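Nothing in this text is a laboratory measurement; each read-out follows from the coordinates by a stated rule. All values derive from a computational prediction rather than experimental measurement. Positions of Cβ are generated from backbone atoms using ideal geometry, with glycine treated the same way; all protein chains shown enter the neighbour counts.
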Amino acid sequence: MNIEAVKSIYFFEMARTRRTLLQSVVSPVISTSLYFIVFGAAIGTRIQEIDGISYGAFITPGLMMLTLLTQCIGNGSFGIYFPKFTGTIYEVLSSPISMLEIVLGYVGAAATKGLMIGTIILITASLFVDLSIAHPFVMLFFFVLTAVTFSLFGFLIGIWAKDFEQLNLIPMLVIPPLVFLGGSFYSIDMLPPFWRAVSHFNPVLYLISGFRWSFFEISDVNPLASAAIILVFLALCMSALTWIFRTGYKLRS
């Protein structure tokens with residue numbers, strides 16, 4: 001294992017966060033504050049509690065998951081796409097660095113950024129509502145595993161994308177609707193039976209439900225099913241990445 005190579009890629013990617021501090025940190029905090037102000041004023045006065053949890057606290061795991069998914073996918077995709085765009089990816093591929101070391105550097109940096117922003121969102125949320133974490137280790141499990149999995153997914157998107165439009169397609173147009181329709185601001189038990197059944201086909205529902213269970217011990221689906229969904233998706237991403245590096249898909253051309 002070439003630790004120095006992994007560290008070089010990792011710290012190079014992390015340095016980009018410091019250069020874009022306003023966009024990387026301040027923007028998510030402002031967005032989260034607006035969510036609590038708007039939803040707290042508009043909906044919180046009408047929905048006092050859901051399953052015995054105050055509405056502001058109930059939506060916190062959903063907001064964290066929304067930020068975590070978009071940040072991890074965005075950072076993971078841009079991290080590998082930009083070297084492709086500038087042509088420096090060939091220097092990385094021609095150097096004595098293995099596939100595992102390249103992935104550890106880029107995906108590790110993207111996951112770290114997502115975890116940092118997610119933690120800041122949690123701290124910001126605690127300024128607006130009273131939060132308690134019933135199972136902190138389970139919360140960390142879902143938090144870290146989701147960050148790594150979707151950073152890896154973003155890495156795949158960055159390899160697949162041929163322009164900036166494709167690069168932003170999934171994190172901007174696909175993930176937010178899935179999160180909003182995945183029970184982030186409501187319990188699917190509040191839906192009619194048909195739409196409740198349809199919601200179970202939304203994979204993000206399982207992520208949010210498992211994460212929410214670690215906070216309040218309430219969820220729309222079994223937490224074990226949530227963990228299984230994430231692990232299966234992680235395995236699929238790793239399999240796809242192994243095939244890409246073996247064949248050189250969109251890396252050597």
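The relative contact order of the stretch 3-247, computed from alpha carbon pairs under 8 Å that lie at least 6 residues apart in sequence, is 26 percent. Counting only residues at least eight positions apart within a chain, or on another chain, the lysines with an alpha carbon under 16 Å from that of residue 7 are 113.
Annotation note: trypsin sites (Lys or Arg not before Pro) in the stretch 196-253 located in DSSP loop regions with a Cβ neighbour count of at most 10 within 10 Å are 252.
In the chain, the longest principal axis of the Cα atoms and the axis of helix 136-160 are about 50 degrees apart. Computed from Cα positions, the angle between helix 203-216 and the longest principal axis of the chain comes to roughly 60 degrees.
When shorter helices are ignored and each DSSP H run of at least 4 residues is given -39500 (n - 2.57), the per-residue value for the chain at 222 nm works out to -24000 deg cm²/dmol. The mean sequence distance of close C-alpha pairs (under 8 Å, at least 6 residues apart), as a share of the length of the stretch 144-238, puts its relative contact order at 30 percent. For the chain, the longest principal axis of the Cα atoms and the long axis of helix 27-42 meet at an angle of about 20 degrees. Packing order of peptides 95-101, 76-82, 58-64, highest average first: 58-64, 76-82, 95-101 (average count of other Cβ atoms within 10 Å over each peptide's residues).
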